[in-house]
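The values are calculated or read from the model by the stated rules, or taken from the named source; none is laboratory data. Remember, it's a predicted structure, so these values are computed and weren't measured experimentally. Positions of Cβ are backbone-derived with ideal geometry, glycine not excepted, and every protein chain shown enters the neighbour counts.
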Amino acid sequence: MFPLHVFAQNEPILEGTKSIVGKISATIINPLIVLLFAVAITIFVFGIIKFLANQDNTEEKENGKKHMMYGLIGLFIMISAFAIMRVIDGTLSRIDPDPSGGTTLETAGY
């Protein structure tokens with residue numbers, strides 16, 4: 001129906017927080033997530049190769065299975081970290097300054 005108005009005294013702090021989180025996310029966290037995602041894929045592929053190359057040796061075959069599992073766990077953690085960062089970024093980007101002096105919090109469907 002109507003946007004909610006929050007009259008905050010420290011509106012520049014909200015803008016500063018959005019820009020700081022955006023800069024940290026873009027320059028540090030996202031490249032780190034991509035790097036660790038590549039490491040997890042490499043470990044997973046290494047496990048597949050080890051598993052397929054050592055069909056006769058059960059110990060090495062089990063070692064390959066462990067590498068595949070570690071790679072999948074790493075992929076899951078990196079996807080989760082990326083999703084958490086998207087939620088934080090999306091939450092902060094929904095708070096937009098209102099020219100009337102307050103801050104408008106956009107609400108979906110209200």
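List of remarks:
- Unique residue being surrounded by 13 or more Cβ atoms within 10 Å (Cβ to Cβ), aliphatic (A, V, I, L, M) and at pLDDT 95 or above when the list is Met68, Met85, Met78: Met68
- Any pair with Cβ under 7 angstrom, 6 or more apart, that starts in the range 17-30 at a residue that is over 20 Å from Ile77 (Cβ atoms) and assigned to a helix (DSSP H, G or I) and ends at one that is β-branched (Val, Ile, Thr) and at pLDDT 75 or above: Val21/Ile88
- Screening Leu105 on (1) at pLDDT 90 or above; (2) in contact with a Leu (Cβ under 7 Å, 6 or more places away or on another chain) shows it passes everything except condition (1).
- Thr42 vs. criteria modelled with pLDDT of 90 or more, surrounded by 11 or more Cβ atoms within 10 Å (Cβ to Cβ) and either within 19 Å of Val87 (Cβ to Cβ) or of a type in the set (S, T, N, Q) (or both): yes
- Test for Ile73: is it surrounded by fewer than 17 Cβ atoms within 10 Å (Cβ to Cβ) and either at pLDDT 95 or above or of a type in the set (Lys, Arg) (or both): yes
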